[in-house]
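Every number in this text was worked out from the coordinates using simple rules, so none of it is lab data. All values reported here derive from a predicted model rather than from experimental measurement. Positions of Cβ are backbone-derived with ideal geometry, glycine not excepted, and every protein chain shown enters the neighbour counts.
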Amino acid sequence: MTDWFRLAAMVDRQMNRSWSEPVRLSPLKGEKPDPSRGILDIRAILSDGGGSESGGLRGGPQMGGGQAQLMIDRNSYPDLVVKEGDAVCATGRRGRPWYSVLRVDDRGDTHLVLELGEK
């Protein structure tokens, strides 16, 4: 493993430890619970737009109010399947806000990235 990959892995581990929070993944099929995938409580990095902040942790475009990004550590949840339309609840936040999965980016080596919209 090159020094760069070793450094990136170290940064990812520290980022996950420092910034992750409890969230609940609720798989849906249409508007109903998907019986083939169960509800799962995990820890992940949730970055919401707040209406004026610049885009997610990957430096993407600005997120407006009601939009968010969830970064899930692939090493912690290697078999996790998330689909567009699933629901995410920020269980550790005041009011326990719910989001809908708008897009799933599974191309990254270290994180599964979900683009979310407020429910």
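In table form, for the structure just shown:
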| read-out | value |
| --- | --- |
| Of Leu102, Leu25, Leu80, the one that fluctuates the most in a GNM where the chain has Cα springs shorter than 10 Å | Leu80 |
| Highest-MSF residue in the chain out of Asp48, Asp86, Asp34 [GNM, Cα springs under 10 Å] | Asp34 |
| Relative contact order %, segment 1-46, counting alpha carbon pairs below 8 Å whose residues are six or more apart | 39 |
| Most mobile of Arg13, Arg94, Arg43 in a GNM of the chain (Cα contacts under 10 Å) | Arg94 |
| Radius 11 Å from Cβ of Ile39, net charge of other residues (Lys, Arg +1; Asp, Glu -1) | -1 |
| Over the chain, relative contact order from alpha-carbon pairs under 8 Å, at least 6 apart, % | 23 |
| Kirkwood hydrodynamic radius over Cα pairs of the chain, then Stokes diffusion coefficient at 37 °C and 0.692 mPa s, in µm²/s | 222 |
